[in-house]
Amino acid sequence: MVLKLSYILTVLVQIGVPLGLGFWLARRAANAGVFTRKAAWGIFGVGVLTFIGSQVVHIPLLAGLTALFKLPGMWQPSAAFAPWFNAIMLGLLAGLCEEPARWIGFKLLRAKARPRPAALLAGAGHGGIESIFIGLLVLVNFVTMLAVQAAINSGANLPAELELLKAQAGLFWDTPWHHVLAGGVERLAAITLHISLSVLVWRGVTAARGGGWWLAGAILLHGLVDMLAVASSQIWQWPVWSIEALVAALSLGTAGLALWAWRTAPRPEPPLAAEPVEP
């Protein structure tokens, strides 16, 4: 029962928190007179699209590089350096695909990207849709395993092709309950990181000069966090909660940098162009 509750709570966090955050930010922006709620949700949607667009590039790029390094005669890192090479490449590719996508999203928003709440809304959309996708996958897996468990407990004979699924169900229900909760904590840290990186990219887009340095910093920070997350899991083989503590610390550190960027951004901000009134 505790394990099932852990899965339910994790799914609620992974799906509910991004949606709740979107509603809260949109309402605050509307109440402050910065955006209408429709415009605020539009900016949130642009953040969603930047994540999807980045993955359209990221996933095929990873597959292509993996195939490239399997070609005969292709340079290969040494056995000792290979795990670090993989961690570095995974981190940098994530940063190189996602941060320019944020930049393009802000550029497409034009004047609407200049008010500060736009950075939070776009970041919540970018990190939120990733969390929702993961939450839906966990939910589908959870419901599937519940169905398999019910079939096993009923004594029904499973078809031969489902025997592998039966074995997977055994591993699924043997997962420690607190490891399941770690998935929810990881998404909270990831959303914090995405909003923070969004603020850094926003600062670059709205800067009068030197904006490219903010983008470069966001790329490197994103790559560093992902690289250390991979290294702690695959190279150092830390326990689950030690990995989550590291990712949370890095996310909070990035949030501190984003807060500084937010507070030191030039003021006043240009007002939004008035929207035409329909007759």
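Once all protein chains are placed together, residue 194 keeps about 10 Å² accessible to a 1.4 angstrom probe. Averaging 1/r over each pair of different alpha-carbon atoms in the chain and inverting the result gives 20.8 Å, the Kirkwood hydrodynamic radius. Taking R0 as 22 Å, what FRET efficiency do you get between residue 234 and residue 3 from their Cβ-Cβ distance, rounded to the nearest 0.05? Plugging the Cβ-Cβ distance into 1/(1 + (r/R0)^6) gives 0.30.
Determine how large the accessible area of residue 144 is when every protein chain is in place; take a 1.4 Å probe and give Å² rounded to the nearest 10. In the full protein context, residue 144 sits at about 50 Å². Annotation for region 216-252 versus region 84-138: alpha-carbon center distance of 17 Å. Only the Cβ atoms of Lys and Arg (+1) and of Asp and Glu (-1) were treated as charged; on that basis the dipole of the chain about its Cα centre amounts to roughly 1060 debye. Compared with the alpha-carbon gap, the fully stretched path from residue 166 to residue 224 is longer by 17.0 nm at 0.36 nm per residue. Over the chain, accessible surface divided per residue gives 55 Å², non-protein components excluded, 1.4 Å probe. Legend: residues 9, 62, sorted from most to least accessible area (1.4 Å probe; ligands, DNA and RNA excluded), read 9, 62.
Surface listing: 226, 174 arranged by accessible area from highest to lowest gives 174, 226, probe 1.4 Å.
According to the square roots a ≥ b ≥ c of the eigenvalues of the Cα gyration tensor, what is the shape class of region 1-87, taking rounded for a/c under 1.5, prolate for a/b larger than b/c otherwise, and oblate for the remainder? Oblate, since a/c reaches 1.5 and b/c is not below a/b. Per-residue SASA remark: residue 11, around 20 Å² accessible (1.4 Å probe; ligands, DNA and RNA not included).
Note: relative contact order over the chain, using C-alpha pairs below 8 Å and six or more positions apart, is 30 percent. For region 181-237, what does the alpha-carbon gyration tensor say about shape, rounded, prolate or oblate, given a ≥ b ≥ c as the root eigenvalues, a/c under 1.5 as rounded, and a/b over b/c as prolate? Taking the square roots of the gyration eigenvalues as a ≥ b ≥ c, region 181-237 is oblate.
The values are calculated or read from the model by the stated rules, or taken from the named source; none is laboratory data. In this text the structure is predicted, and so the values were computed from the model without any measurement. Glycine gets a Cβ as well: all are built from the backbone with ideal geometry, and neighbour counts include every protein chain shown. Heavy atoms of the whole protein, side chains included, go into the accessibility calculation; ligands, DNA and RNA do not. Shrake-Rupley method; radii C 1.70, N 1.55, O 1.52, S 1.80 Å.
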